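Here is the structure we will look at.
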Amino acid sequence: MLKAFKERYLVRFWSPMPAIIALGIMAAYYFGLTGTYWAVTGEFTRWGGHIMQLFGIDTDSLGYFKIIGLSGTPLDRIDGVMIIGMFAGAFIAASFANNVKFRLPQSNLRIAQALIGGIIAGFGARIGMGCNLASFFTGIPQFSLHAWFFTLMTIIGVYLGTKVMLLPFFRSKAPLQKVQAQKVIAHNAKSEKILLILGVIVLLVVAIWVVYLMIYDITPEGKTIPILPIAIIFGVGFGFIISRAQICFTSAFRDLFITGRGYMARAVIIGMMVSTIGVFSYVMLGIPPKIMWAAPNAVIGGLLFGFGIVIAGGCECGWMYRAVEGQMHYWIVGIGNVIGSTLVALTWDYYSAPLATNFPKINLLQSFGNYGGLVISYVLLLIFLGWVLWIERKYHAQSKFQKA
């Protein structure tokens with residue numbers, strides 16, 4: 001029975017639809033319990049800020065850090081411990097499934113794509129105050145109009161990036177070889193056992209850390225429970241689920257444009273619908289949503305982000321779980337993300353007013369009333385879903401016509 005459980009839930013990849021719905025529910029609870037949203041690139045920017053401090057750069061004078069904050073370390077910030085939890089959860093999932101293997105990029109071109117695409121995506125995410133998580137799974141469910149601007153332009157950016165990646169220059173140069181039989185993959189029981197032990201060790205370390213913080217952590221002002229251990233637990237859950245279901249927002253919409261496969265995109269939208277009603281409930285209980293400027297920065301940032309993630313080959317959550325699986329390509333993407341987001345912090349003061357801060361922060365619940373804003377959000381999500389279904393139907397109709 002234990003072997004069957006492991007094979008079904010820990011080795012086989014999970015179906016994206018229930019996994020993303022679970023993420024939507026978790027994102028809503030995460031907002032309700034911590035008062036913040038599930039996002040990663042803001043913390044990556046803070047990591048860049050700490051690196052700047054090591055080189056003697058005065059980060060206190062940078063306006064961007066006055067907005068997102070830079071106090072403390074990743075070990076005592078909510079976003080910091082949540083991201084560490086995500087890496088831990090993704091590694092636990094990969095190790096239990098015996099899915100960790102050191103893999104180098106296939107070519108220098110792939111290395112360049114990973115770094116340049118990561119920088120573009122990181123820059124776009126932070127100038128637009130969003131990313132696939134901060135807009136799709138938190139910004140839209142928290143009724144911020146800027147997230148709709150960012151999301152729309154992300155889709156356009158993904159489309160443009162897809163067109164670029166289909167150019168002959170970027171196609172694989174590996175020669176095709178005829179084979180007589182399927183390659184037999186050797187089963188290494190010793191390696192599998194070592195990975196399982198490593199996964200258990202990481203799980204135990206995280207559990208001890210959580211218990212320690214629950215006992216000794218100082219409860220933040222205005223909160224009745226310690227927040228950091230909650231953030232770690234949710235981070236582990238987020239990382240575990242995205243790894244087991246191989247969730248990547250890049251492939252969700254890139255595949256829609258290339259093959260007409262919209263299953264992942266549909267799952268993302270349904271997950272957003274689930275998260276929206278959960279967030280709405282907490283907002284009605286008095287927890288304020290995080291609203292950003294509905295401004296050109298969201299339009300520019302979304303376009304760059306969508307284009308960058310396709311060039312890099314992975315979005316924020318996509319590169320995180322693939323990196324802990326041993327794929328060095330995605331560590332380079334992550335480094336690019338940190339570089340790109342740090343560049344925004346360094347340059348923000350030069351363009352923040354005309355591109356962002358001179359514009360209003362528009363909350364749909366305030367603009368249209370609580371229930372009016374909720375209805376508008378669901379109407380827009382249904383239109384979004386209808387568009388995905390239309391793209392699928394259009395692609396399959398063309399395929400049938402070409403075969404006829």
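The values are calculated or read from the model by the stated rules, or taken from the named source; none is laboratory data. Only a predicted model underlies this, so the values are computations on that prediction, with no experimental measurement involved. Ideal geometry is used to build each Cβ from the backbone, glycine not excepted, and the neighbour counts take in all protein chains shown. These accessible areas exclude ligands, DNA and RNA; they are computed on the full protein's heavy atoms, side chains included. Shrake-Rupley method; radii C 1.70, N 1.55, O 1.52, S 1.80 Å.
From (1) modelled with pLDDT under 95; (2) surrounded by fewer than 24 Cβ atoms within 10 Å (Cβ to Cβ); (3) farther than 30 Å from Met214 by Cα, pick out the condition that doesn't hold for Trp148.
Just one mismatch for Trp148, condition (1).
Which of (1) at pLDDT 95 or above; (2) surrounded by 22 or more Cβ atoms within 10 Å (Cβ to Cβ); (3) over 18 Å from Ala112 (Cα atoms) does Tyr350 not meet, given it meets every other one?
Result: Tyr350 fails condition (2) only.
Mind checking which residues of segment 77-98 are over 26 Å from Tyr216 (Cα atoms) and open to solvent by 40 Å² or more (accessible area, probe 1.4 Å)?
Phe91, Asn98
If you go through segment 353-365 one residue at a time, do you hit one that is at pLDDT 95 or above and of a type in the set (Lys, Arg)?
Yes: segment 353-365 contains one or more residues that are at pLDDT 95 or above and of a type in the set (Lys, Arg).
Have a look at Gly340, Gly314, Gly302 and point out the one that is part of a helix (DSSP H, G or I) and within 23 Å of Ile258 (Cβ to Cβ).
Gly302
Name the one entry in Pro105, Pro74 that is in contact with a His (Cβ under 6 Å, 6 or more places away or on another chain) and open to solvent by 10 Å² or more (accessible area, probe 1.4 Å).
The conditions single out Pro105.
Being at negative phi and open to solvent by 10 Å² or more (accessible area, probe 1.4 Å) is true for just one of Ala252, Ala267, Ala294, Ala245. Which residue is that?
Ala294
To keep it simple, each residue is scored yes or no on (1) in contact with a Cys (Cβ under 7 Å, 6 or more places away or on another chain); (2) part of a helix (DSSP H, G or I).
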{"residue": "Ile247", "(1), (2)": "yes, no"}
{"residue": "Ala252", "(1), (2)": "no, yes"}
{"residue": "Arg261", "(1), (2)": "no, no"}
{"residue": "Met264", "(1), (2)": "no, yes"}
{"residue": "Gly271", "(1), (2)": "no, yes"}
{"residue": "Ser275", "(1), (2)": "no, yes"}
{"residue": "Val279", "(1), (2)": "no, yes"}
{"residue": "Ile287", "(1), (2)": "no, no"}
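When you scan segment 153-163, do you find a residue that is farther than 15 Å from Gly301 by Cα, surrounded by fewer than 22 Cβ atoms within 10 Å (Cβ to Cβ) and among the charged types (D, E, K, R), even just one?
Within segment 153-163, one or more residues are farther than 15 Å from Gly301 by Cα, surrounded by fewer than 22 Cβ atoms within 10 Å (Cβ to Cβ) and among the charged types (D, E, K, R).
Between residues in segment 236-250 that are at pLDDT 95 or above and residues that are surrounded by 24 or more Cβ atoms within 10 Å (Cβ to Cβ) and not in a helix (DSSP H, G or I), which pairs lie under 7 Å by C-beta distance while being six or more apart or on different chains?
Correct list of pairs: Phe238/Trp38.
Among the residues of segment 1-60, which ones are out of contact with any Cys (no Cβ under 7 Å at 6 or more places or on another chain), among the polar types (S, T, N, Q), buried (at least 16 other Cβ atoms within 10 Å of the Cβ) and within 20 Å of Thr347 (Cα to Cα)?
Thr45, Thr59
Being within 18 Å of Ile258 (Cα to Cα) and of a type in the set (S, T, N, Q) is the filter here; which residues of segment 343-399 pass it?
Result: Gln398, Ser399.
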